[in-house]
Amino acid sequence: MKFIDINREFTAAANSYMAQGYYINAGTMGGSQGEVAHIDLTNGTEIIRVLLTTFNNYLGTEGVELIVGRVKDDIKPNQEDRWNTVWNERLEVISNKKFYRLNNRAQDGFYGTEEEANAAEEKRFDRYKSRRSNDSALDVTTKAAPMVKKYIHEKFGVRRVKMDDIKVVKHGGRYTVTYHKHAAQLH
């Protein structure tokens, strides 16, 4: 029995399960340097690698790329030489397809096209900007001063409250009352 026979037995074992509806679980075949999984296939004369790897373009979009490539290095198929390394960056790319991640926080990702990923990133950024837009304090003293006069009297122990010295500010959905050196947050 030669190594080609072992390759065929290995393939037959995998094919028997694939014929029953099983498929490759790329998530458990992780490599290194962003590689999710790969499988090397041969017809006896050449080696084809089917590779799943991650990518990040540093503009907020990331995802998984499926690359099918031909091994161009001097590596003979059906050899027992396990020290031969197939370098992913040296593959002659036959085809590739990118799946862009649309959500950032969920453990199980949703994937789509580059346009969908850019639209999702823009929406996330717009939400971030709108969330940050209420960071500036809003002075609501003229409306709130008459209502907080009794509160200042009870909370700060002030007998005579001067309306001109009251300051009420809304910041991040919370109201802060300031009277001279006293300050309190309304709930």
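The values are calculated or read from the model by the stated rules, or taken from the named source; none is laboratory data. Small disclaimer: the values here were computed from a predicted structure and weren't measured. Cβ atoms come from the backbone with ideal geometry, glycine included; neighbour counts cover every protein chain shown.
Points worth noting:
- T141, sole failed condition from (1) outside the structural domain of Y179 (by TED's automatic domain parsing); (2) over 19 Å from E65 (Cβ atoms): (1)
- Pair list, Cβ under 7 Å, 6 or more apart: the stretch 83-97 residue without any contact (Cβ under 8 Å) to a residue 12 or more places away in the chain, other residue surrounded by 10 or more Cβ atoms within 10 Å (Cβ to Cβ) and in a loop (DSSP other than H, G, I, E, B): N84/I75
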